[in-house]
Amino acid sequence: MLLGTSFIAMAHYAPSLMGGANPADELYLGLFKLVGGIAALDGIAGYYQAFRQREKRKAAEKPSGTFGQAAFATLAQCDEAGMLNASGLYLGMLDETPIFYSGKAHLLTCAPARQGKGISTVLPNLLHYTGSVIVTDPKGELAAVTAKHRHERFGQRVVILNPWGLHGLPQHRINPLEGLIAMANNPMRQRGLTDEVKAIALQLFPEPEDPRNRYFRDGSRAILRGVLLFLALATPERCTLPELWRTIANPRRLARAVGAMRNIDALGGILADVGDDLAHQMKDNPDQFGDFRAGAVQVLDIYEPGGYLADAISGSDVDLADLKNGDVSIYLAFPQDRIASHGAALGLIVNQAITAVARSPKRGEVLFMIDEFANMGKLSGLAESLTALPGLGVRVWMIVQELAELTRIYGPHTTRTLQSQSEVLQFFAVQDLLTADTLSRALGQQTVKTKNFNLGRFDTDEIGESLSETGRSLMASSEIRLMPSHEQLLLVNRLPPIKATRVPYWFV
């Protein structure tokens with residue numbers, strides 16, 4: 001192109017340089033212009049061809065999305081989804097901007113022990129969320145840091161179940177059977193008593209995934225149901241878990257209770273029928289009945305009189321249904337080293353609180369922040385009711401150390417239900433391979449371009465280059481396990497995955 005331009009310029013200026021032009025010169029100059037024009041056009045065509053090649057290469061290097069188009073959400077996408085609304089539950093920071101969840105559904109956090117779940121997830125929300133909350137509090141530190149704040153700043157009535165007297169905090173009482181007593185004392189609600197005691201007995205003695213020996217578990221539950229009915233109807237002032245243990249653990253006391261049941265004409269004679277059935281079992285097959293009784297006593301051992309829990313659950317300083325008022329904060333403070341042995345008590349109280357809130361006709365929402373979720377044992381009926389609970393004012397935030405814990409307690413099918421009913425899944429500090437692999441698959445795949453080179457057979461051969469596409473995980477499981485401790489992954493319904501930052505509560 002430069003050569004063509006030079007020819008044209010020479011043809012244009014030559015006459016003036018040579019002092020005029022004659023016909024022969026004009027012929028030569030015209031030839032120069034023609035050659036220059038052709039050269040210039042050829043140069044322009046070359047430039048255009050190079051431009052087209054460059055654009056084609058750009059297009060070729062751009063992934064087509066055939067294998068997937070997974071990508072992390074941007075702040076703009078989060079804003080469009082309402083995640084910058086500070087009235088929601090705090091999740092973390094994205095591009096130095098706090099993000100929140102303002103939906104009504106459940107949440108699930110998965111992170112190993114001692115990785116900052118308390119300081120970056122639970123504590124910020126207890127200091128921020130103004131509604132009613134019930135929170136499991138291993139070590140009692142949550143109450144120590146936030147109880148005064150929630151009372152003074154939010155006007156919350158604070159109740160701390162603190163059987164071990166942690167940190168010198170108040171020691172309030174919660175009787176998990178209070179709802180049963182209220183139902184027994186209300187003739188209009190007594191029809192629901194039998195279903196109520198069945199639910200409580202199943203929570204006291206949950207059904208495992210392994211169906212073997214169910215006959216003996218059912219026998220133990222039958223004793224629990226009968227004595228619970230008797231205490232609620234005949235002696236409501238003594239309807240407590242320590243009294244339940246005392247009645248069943250002592251064979252003579254149990255025999256007297258069964259004899260009394262047979263003479264109580266309540267619930268259309270149901271209690272008398274239960275008493276007759278238990279009496280016949282005691283007489284006809286005492287050894288088998290003894291096995292049933294031993295199973296019932298075993299699940300009640302943590303509530304025996306004289307133990308740490310006995311006083312804390314022998315009365316109530318709060319009506320669990322009052323949580324629906326929106327101004328009650330309940331902390332369930334247990335020492336960390338007692339969670340494994342006494343976690344079933346937490347499970348029972350949480351389950352009864354969920355039931356009380358769901359049944360309350362009042363309008364309001366309650367947040368259940370359940371740390372050590374898997375160590376409370378199986379919450380009977382929770383998975384089946386998760387779909388309906390948000391409409392009844394119950395939102396559950398489950399916190400576990402790894403997904404395998406849920407599978408161990410609830411089985412694979414129910415674990416999938418718990419995950420699918422959680423609109424927010426939060427992961428950080430993931431170390432176990434199963435969780436990392438599951439999360440990697442959930443993040444999806446992206447399409448990436450790979451370059452292939454053909455070196456030829458000889459040194460003088462030109463190197464050939466070609467492009468191809470393949471699929472790659474947005475994050476491989478190995479990359480997830482190597483994430484910095486301050487980073488987290490959030491899976492939020494109807495949004496791409498979010499790679500956010502965790503910030504301790506004192507920086508929020």
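Structural remarks
- Search result, residues across the range 174-196 that are assigned to a loop (DSSP other than H, G, I, E, B) and more than 18 Å from ASN351 (Cβ to Cβ): ASN185, ASN186, PRO187, MET188, ARG189
- MET369 passes every criterion in (1) touching a Phe, Trp or Tyr at 6+ places or on another chain (Cβ under 8 Å); (2) over 18 Å from THR121 (Cβ atoms); (3) not hydroxyl-bearing (Ser, Thr, Tyr) apart from (2).
- Residues (closer than 16 Å to VAL122 by Cβ and either not small (Gly, Ala, Ser) or not assigned by TED's automatic domain parsing to the domain that holds PHE334 (or both)) located in the range 144-153: VAL145, THR146, HIS149, ARG150
- Where helices (runs of 4 or more DSSP H) fall entirely within the range 252-366, none has at least 2 residues that are outside the structural domain of GLN190 (by TED's automatic domain parsing) and of a type in the set (Asp, Glu).
- Residue match in the range 148-164 (condition: within 17 Å of the chain's Cα centre (by Cα) and surrounded by fewer than 20 Cβ atoms within 10 Å (Cβ to Cβ)): no
- Residue check, LEU406 farther than 20 Å from GLY103 by Cβ and either crowded, with 17+ Cβ neighbours inside 10 Å or of a type in the set (Ser, Thr, Tyr) (or both): yes
- Flag for GLY326 being at positive phi, surrounded by 16 or more Cβ atoms within 10 Å (Cβ to Cβ) and in contact (Cβ under 8 Å) with a residue 60 or more places away in the chain: yes
- Among residues of the range 263-314, those that are of a type in the set (Asp, Glu) and in contact (Cβ under 8 Å) with a residue 40 or more places away in the chain, counted: 5
- Exclusive hit being in contact with a Gly (Cβ under 9 Å, 6 or more places away or on another chain), of a type outside the set (Lys, Arg) and not assigned by TED's automatic domain parsing to the domain that holds MET376, set LEU224, LEU231, LEU193, LEU202: LEU202
- Meets criteria (among the charged types (D, E, K, R) and at pLDDT below 85) for GLU487: no
The values are calculated or read from the model by the stated rules, or taken from the named source; none is laboratory data. Remember, predicted model here, so these are calculated numbers, not experimental data. Virtual Cβ from ideal backbone geometry, glycine too; neighbours counted across all protein chains shown.
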